[in-house]
Every structure is written in C-alpha cells, then in structure tokens.
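**Q** One structure, as structure tokens, below. Some questions next.
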Amino acid sequence: MPVADLAQDVNTQAAKTGAPAAAPAPAHVIVVGCEKGGSGKSTTSMHLTVALLRLGYKVGTIDLDARQWTLTRYLSNRAATMQRDRMPLPMPRHFFLAPSDKVNRNEAQEEDRARFEAILGRLTAEVDYVVIDCAGTDSFLARVAHSYADTLVTPVNDSFVDLDVVAHVDGRTGEVQRPSVYAEMVWEQRKARAKRDGGSIDWIVMRNRLSNLDANNKREMGEVLEKLARRIGFRLAPGFSERVIFRELFLQGLTMLDVFDQSHRDGGAKPRMSHVAARQEVRALINSLQLPERAPRRS
Ligand SMILES: Nc1ncnc2c1ncn2[C@@H]1O[C@H](COP(=O)(O)OP(=O)(O)O)[C@@H](O)[C@H]1O
Ligand SMILES: [Mg+2]
C-alpha cells in the first residue's frame, strides 16, 4: 500500500476509535496523596516535578490544597527567582483548583469533577507527566484525583503516630488490625479507575523524614510497613531522610537538583555532601516508581 494510502487508512482507523493518529501517549498521572497534613506531599510533589523537568520531560502540576497552596507558592517563588536573578529554570505548566463554593452538594461535586477533568484533559494532551498535590484531608476533589492516578505516591512520616494513615496496627504485637479509612478510599478509587478505563493504580508508600538517630524505630517501622504492603496492596519506596536541604530552598523556589545544575552552569555555590545524599534519595524515589519509558515531548 502506498504511504499516502497507509496514512489515510490510519486516520480512518483513528476516526473510528476517536483517537488522533500517531498522537503521543497521554501523560502519566502521578498523584501525591495522604490524609495527613505535614507528611511531605508538597515537598515530594516539588522534588518529583523538578526531577522530571531536569530529565527533559514536560510536566504539568495541579495543586488541590486550597488551604495551604504550598506547591503553588513554591512555584511562584521559583518564577520570582527566575525573574529577579535572570536564572533560566525549567517550569511545569501549573494549575491550582479550589473546591466549588456551591451550596448544593451534588452541584458542587459536579462542578468539581468537571473543572478537574477539564484541567487534567488539557494537561495530559500537552505534557509527559502530571503531578497532582492533594490536601491532607478527605475531599471530593482528592477522591476524583486519586481515581485518575496511574501512580499514587503516599509519603508517611517515619513515626508510628503517622502509620495509622495506612492501617491500624496492634500496639503490642505489631499485627495489622484493619486498613485505615484512607486505604479504603484508595481501594474505592482503584475500583472506580478499573470501571472507567480498565486501568490500575500503582500505589507506592514512601517513608519521609527518616532519622539516623533512632535506628530501632526505623527498623520496627520497616518491618510493620513490609507486612502492611502485602496486606493492603502497595509497594514500598526508599524515602527521604530528615534534611534541611529539603526545606531551606522553598523561598527561592529551588531544590537541590537546581543547585547542582546551576553550579555547573555558572560556577555558583558548590553543592554540599548533604545535597549529594538528598539528590540520591530523589533519584532512588524516581527509579522505584518504575514510570513507563517515554520519549520527552518536543514543543
Ligand atoms: N525530608 C524532609 N526533611 C526536612 N524537612 C521536611 C522533609 N519533608 C518535609 N519537610 C518539611 O515538613 C513540612 C511539611 O512538609 P509538606 O511537604 O508541606 O507536607 P504536606 O504537603 O504533606 O502537608 C514542611 O515544612 C517541609 O519543608
Ligand atoms: Mg502540602
């Protein structure tokens, strides 16, 4: 068949299936969620975003935390640094979405869903990865977002106090008693996702603010999390240690990954050992997410 005819044929097929011919695959959606404030969702979202940008991918970000807007503030600090210091930095296409203020619950939910799907639809057609930063509380918007996750990343502070966001554990025996309401919500959204498009959600739990000071706590947490992973259906990723570098660059809108790149480019401040170790942790997280291989989009 001549090439022109072949192209025609592909386009007719595409018209039948409703998919544009040879369009790049829609973006892979990473949701960062956990029904607890301060577990490291926004920190993780920002570091994942910058890591993917620096690998050459186009990234879209959605901030769903209308109480804090942490990711939005982090990125606007980044934009200010770019302008003030004339520093070229890769930026994601960013949206923030507050819940509907409609009084009627059904109408509010309908509006939330429609707005979210409009933003996500636009982003998945334009970028390689979408990173969604959720609020630390249950909300309709967060549930809808979870149902669209290809990968769900849940950071948990490395303390037994915070473990109950995943499951309730017997204090004496360390046995798992029952999944948490959050784990049940993830289960519901896995079903919603499968029903909508037959897809599945790869759920990854990562420990955050790991301390070298309390080796016993670290080991015991590790053992309980291994048990939970099997019972509840998630994978464990190596986490982030407690490091000042994960928070000290917020006001400049930077991460240690930017510091490395800038120092190579213009002989700026040299990265310290803690930067190297932190960068390694971000890379290890990206590796363990096992994101599908894709060629970066060109604009
Ligand atoms: N690994 C870490 N090391 C040091 N500080 C951290 C780390 N992870 C988070 N933080 C700090 O903890 C606080 C809460 O983190 P944040 O990412 O805003 O959590 P969330 O979005 O889940 O509410 C912030 O001040 C953040 O800078
Ligand atoms: Mg946050």
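Please treat every number below as a calculation from the coordinates, not as lab data. As the structure is a prediction and not an experimental result, all values here were calculated from the model. When we count neighbours, we look across all protein chains shown, and the Cβ atoms used for this are built from the backbone with ideal geometry, even at glycine.
**Q** Tell me, which longest segment in the chain has none of the trypsin sites (Lys or Arg not before Pro) that fall in DSSP loops with at most 11 further Cβ atoms within 10 Å?
**A** Longest site-free region, per DSSP loop and neighbour criteria: 87-171.
**Q** Say the cut-off is 27 Å between C-alpha atoms; which of Lys58/Lys218; Lys36/Lys270; Lys58/Lys227; Lys58/Lys191; Lys41/Lys191; Lys36/Lys58 go over it?
**A** Beyond 27 Å: Lys58/Lys218; Lys36/Lys270; Lys58/Lys227; Lys58/Lys191; Lys36/Lys58.
**Q** Expected output is a single nm value to one decimal: the length gained when fully extending between Asp101 and Ser274, i.e. 0.36 nm times separation in residues minus the C-alpha distance. What is it?
**A** 57.9 nm
**Q** Calculate, in nm to one decimal, what Glu226 and Arg283 gain on full extension: separation in residues at 0.36 nm each, minus their alpha carbon distance.
**A** Length gained, Glu226 through Arg283: 18.3 nm.
**Q** Further question: Let me know the whole percent of all Cα-Cα pairs from the stretch 152-299 that are separated by more than 28 Å.
**A** 34 percent
**Q** Here is a follow-up. With springs connecting C-alpha atoms under 10 Å apart, model the chain as a Gaussian network and identify which of Ala278, Ala167, Ala25 has the largest mean-square fluctuation.
**A** With Cα springs under 10 Å in the chain, the top fluctuation among Ala278, Ala167, Ala25 is at Ala25.
**Q** Based on Cβ point charges of +1 for Lys and Arg and -1 for Asp and Glu, what charge dipole magnitude is obtained for the chain about its Cα centre, in debye rounded to the nearest 20?
**A** For the chain, the charge dipole is close to 480 debye.
**Q** If you don't mind, another one. Would you mind counting up the charge near Gln280? Only other residues with Cβ under 14 Å from its Cβ, with Lys and Arg at +1 and Asp and Glu at -1.
**A** Net local charge, Gln280 excluded: +3.
**Q** Between Glu293 and Arg93, what FRET efficiency follows from the Cβ-Cβ distance if R0 is 22 Å, with the result rounded to 0.05?
**A** Efficiency for this residue pair is about 0.50.
**Q** Same structure, new question: Once you have the Kirkwood Rh of the chain from its Cα pairs, apply Stokes-Einstein at 10 °C and 1.306 mPa s and quote D in µm²/s.
**A** Taking Rh from Cα pairs, D becomes 77 µm²/s.
**Q** Computed over the Cα atoms of the stretch 183-254, what is the ratio Rg over Rh, Rh following Kirkwood? Please list the in-between numbers first.
**A** Details: Rg = 16.4 Å, Rh = 14.7 Å.
Ratio value, two decimals: 1.12.
**Q** So, R0 is 22 Å and r is the distance between the beta-carbons of Asn216 and Glu242; what FRET efficiency does that work out to, to 0.05?
**A** Values: r = 16 Å, r/R0 = 0.74.
Calculated value: 0.85.
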